Amino acid sequence: MKVRNALIVVVLAVVLAAGLGLGLARSGNPSASGADETDPITTLSIYVEWDGGGGLIRSVSGLEWTTEVNIKKVVTKGGMPIEAKTLGANSYTPIVIERFITDDTQFADWARLVETGNIDEARRDISIILYDYAAEEVARWDLVRCWPSAYTSWFDANTMSMPMESLTLVHEGFKRVDGVNEIPS
């Protein structure tokens, strides 16, 4: 029964993805899935990968960093007091990755490592990869020493919404990388 239900969820996800152009149902012909190759919203897929795991994800949010600005009062050579701004510490916002629930338990298993206190085992370098309609890599972000600080799942049998799960990942920094060229972030 469990396998049958998981299969139904996967089939629904693929059918909905084909109809909505989410990039989960792929073929060599973008128009076969209803995708317009000039519209990035209907032609992109997101994949997260780590050593030994990963998969298609629905969305990523919070890929952001800020640098603290230190202010100190100084006096110029002419005797004028001013505020000098200097570089402080970088801060990295936790990211949230979401995906459809299937029989794959990688998200829950990873979160369980933290829940049981195995933080060293839970830390992973991951990549978030954006693919176009032809499954060609468009962009990549490499994140350092990630670990899940929260796991969430939600589903509603009374609606047509797909069951979802998400991980909130804290990390120690990231780089935008395209192919072999690093882009400073």
Amide H neighbours of Val138 at under 5 Å, excluding residues fewer than 5 places away on the same chain, with H built from the backbone geometry, are Leu130, Tyr131, Asp132
Across region 66-76, in residue order, what do the Karplus-derived ³J(HN,Hα) couplings come to in whole Hz, using 6.51 cos²θ - 1.76 cosθ + 1.60 with θ = phi - 60° and x for Gly and Pro?
9, 10, 5, 10, 8, 10, 9, 8, 9, 10, 6
Tell me, what HN-Hα J-couplings in whole Hz come from the Karplus equation 6.51 cos²θ - 1.76 cosθ + 1.60 at θ = phi - 60° for each residue of region 105-110, using x for Gly and Pro?
9, 4, 4, 5, 5, 5
Give the long-range amide H neighbours of Arg58: residues separated by 5 or more places, or on another chain, with amide H under 5 Å away, using H modelled in the peptide plane at 1.01 Å from N.
Glu98, Arg99, Phe100
Assigning unit charges at the beta carbon (Lys, Arg +1; Asp, Glu -1) and nothing else, what dipole magnitude in debye, to the nearest 20, does region 72-116 show about its Cα centre?
780 debye
Expressed as a whole percentage, what fraction of the accessible surface of region 99-185 belongs to carbon and sulfur atoms when a 1.4 Å probe is rolled over the protein heavy atoms?
51 percent
What are the ³J(HN,Hα) values, in whole Hz, obtained from phi via the Karplus relation 6.51 cos²θ - 1.76 cosθ + 1.60 with θ = phi - 60°, for each residue of region 132-148 in sequence order, with x given for Gly and Pro?
8, 4, 9, 6, 9, 5, 9, 7, 8, 10, 9, 10, 9, 6, 7, 7, x
In straight Cα distance, which aspartates and glutamates are under 20 Å from Lys73, not counting same-chain residues fewer than 8 positions off?
Glu83
Within straight cross-link reach of Lys175, meaning Cα distance under 18 Å, which aspartates and glutamates are found once same-chain residues fewer than 8 apart are removed?
Glu49, Asp51, Glu64, Asp125, Glu137, Asp142
With r as the distance between the Cβ atoms of Leu130 and Glu83 and R0 = 35 Å, compute the FRET efficiency 1/(1 + (r/R0)^6) and round to 0.05.
0.30
With Tyr92 itself left out, Lys, Arg at +1 and Asp, Glu at -1 over residues whose Cβ is under 11 Å from its Cβ give -1
Using the Kirkwood radius built from alpha carbon pairs, what does the Stokes-Einstein equation give as D for region 87-185 at 20 °C and 1.002 mPa s, in µm² per second?
139 µm²/s
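The values are calculated or read from the model by the stated rules, or taken from the named source; none is laboratory data. No experiment lies behind these values; they were computed from the predicted model shown. Note that each Cβ is placed from the backbone with ideal geometry, even for glycine, and that neighbours are counted across all protein chains shown. Ligands, DNA and RNA are excluded from the accessible area calculation, which covers all protein heavy atoms including side chains. Shrake-Rupley method; radii C 1.70, N 1.55, O 1.52, S 1.80 Å.
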